[in-house]
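First up is the structure itself, then whatever we jot down about it.
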Amino acid sequence: MKRVVVGLSGGVDSSVTAYLCKEMGYDVIGLFMKNWHDDSVTISDECPWLEDSNDAMLVAEKLGIPFQTVDLSKAYKEKIVDYMFNEYQEGRTPNPDVLCNREIKFDVFLKIAENLGADYVATGHYCRKSSFEKEGKTIYQLKAGLDNNKDQSYFLCQVSQNQLAKILFPVGNLQKEDVRRIATEQNLITANKKDSQGLCFIGKVRLPDFLQQKLQPKQGDIIEIDANSSIYKKPIEANSELEKLSHKYNYQAADGKKVGEHNGAHFFTKGQRKGLAVGGTPLPLFVIDTDVETNTIYVGQSKQHPGLKRRGLLVKPHEVHWVRTDLALAIGEKMKVAARIRYRQKLEHAELHLTHQGLYVIFENPQNAIAEGQFVAWYDDDELLGSGVIA
């Protein structure tokens with residue numbers, strides 16, 4: 001019997017994952033990851049991990065599988081939380097869930113599982129995996145989950161071939177309602193439990209509240225840039241068409257008018273509408289850029305504002321990651337793909353161009369609020385081929 005260690009999170013997806021692994025005949029161990037208990041960053045009076053670990057233990061008991069809790073909070077703080085604070089401080093928008101999968105679930109957690117003699121780890125992600133032989137080597141494919149509303153392949157866009165070789169996704173072929181039905185039939189305590197919201201493993205927390213624990217509020221100006229501003233009419237100076245399409249506007253306070261004040265540019269991100277507390281404009285205001293150096297937020301009216309639209313973006317050479325390493329481009333090569341710049345965005349037609357500057361992703365249609373620090377992921381149909389951090 002091959003051994004599988006299941007990351008039991010106390011939710012319905014991982015509970016059914018453990019049940020399905022057992023049904024497939026694996027020797028199953030349930031492991032709960034305790035990733036957060038830092039009182040210096042108080043996030044709420046609730047203690048979600050206690051309730052979740054208790055539910056995970058009850059599921060393991062019901063399924064008759066061994067269960068233990070591992071404390072990964074030190075690694076989580078170093079690899080995820082500190083990185084997040086640092087990125088926001090620099091005015092970028094990180095994605096902690098993507099990092100959590102790369103650095104914690106399929107690295108630290110995987111190593112613990114291997115020490116327990118595991119052949120595989122299994123998670124409740126809505127993804128699928130397949131493989132084929134190429135030149136005598138096994139190539140693993142990461143594919144979207146069959147439930148379009150729950151597909152989580154984007155969150156796994158940074159996994160490697162070595163990691164994929166060791167991962168199972170038992171619920172990837174199921175619809176969410178089927179997962180809940182199985183949990184109900186098996187009388188699992190998590191059957192009707194709500195899906196967890198908030199940061200990966202931190203739980204119920206409003207991001208601005210969380211960030212304010214470490215990043216000090218600092219008053220600055222909100223500057224509105226008119227959609228007809230001359231800044232959008234000037235010819236763009238660029239060395240190539242790719243650079244031109246990926247051009248990012250650099251605003252100065254003199255380019256617009258002050259319409260309000262904020263409590264810290266690092267608490268805001270491109271495309272954000274809520275939390276500006278500025279009224280009286282004919283159309284809603286959106287953040288079109290932030291400048292943490294001058295502590296200024298630039299806003300524009302409506303989602304169609306030219307400051308929110310861009311057709312291209314760049315991923316620096318060291319940030320380009322191929323899940324399908326056999327398809328990696330050489331300098332000067334290009335590839336037609338479908339791509340997304342955020343979770344739940346529908347896939348958009350795009351073309352990849354690898355240059356000495358890095359990988360340019362040029363979309364067929366202008367994209368809304370391309371945010372530095374987020375991940376762009378590219379696909380061939382339903383297979384995720386690679387990803388990178390937006391520069």
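The values are calculated or read from the model by the stated rules, or taken from the named source; none is laboratory data. All values reported here derive from a predicted model rather than from experimental measurement. A quick note on method: Cβ atoms are made from the backbone with ideal geometry, for glycine too, and the neighbour counts reach across all protein chains shown.
Conditions: (1) farther than 30 Å from L164 by Cβ; (2) under 21 Å from the mean Cα position of the chain (by Cα); (3) not in a loop (DSSP other than H, G, I, E, B). H321 meets all but one. Number of the miss?
Exception for H321: condition (1).
Answer with yes or no whether A338 is closer than 23 Å to R102 by Cα, at pLDDT 95 or above, among the hydrophobic types (A, V, I, L, M, F, W, C) and in contact with a His (Cβ under 7 Å, 6 or more places away or on another chain).
Yes; evaluated as a whole, the condition is true for this residue.
Among the residues of the range 347-361, is there at least one that is surrounded by fewer than 19 Cβ atoms within 10 Å (Cβ to Cβ), touching a residue at least 60 places away in the same chain (Cβ under 8 Å) and either outside any strand (DSSP E or B) or not assigned by TED's automatic domain parsing to the domain that holds E224 (or both)?
yes
Only one of G145, G124 is buried (at least 22 other Cβ atoms within 10 Å of the Cβ), under 27 Å from K34 (Cβ atoms) and free of Cβ contacts under 8 Å to residues at least 60 places away in the same chain. Can you tell me which?
After ruling out the rest, the residue left standing is G145.
Quick one: would you say F155 is of a type in the set (A, V, I, L, M, F, W, C), at negative phi and either at pLDDT below 95 or surrounded by fewer than 21 Cβ atoms within 10 Å (Cβ to Cβ) (or both)?
In short, no.
Looking at L313, L276, which is the one that is at pLDDT 95 or above, outside any helix (DSSP H, G or I) and hydrophobic (A, V, I, L, M, F, W, C)?
L313
Quick grid of which residues meet (1) in contact (Cβ under 8 Å) with a residue 60 or more places away in the chain; (2) assigned by TED's automatic domain parsing to the domain that holds S15; (3) out of contact with any Phe, Trp or Tyr (no Cβ under 8 Å at 6 or more places or on another chain):
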site	(1), (2), (3)
F85	yes, yes, yes
P94	yes, yes, no
L116	yes, yes, yes
K134	yes, yes, yes
T138	no, yes, no
Q141	yes, yes, no
C157	yes, yes, no
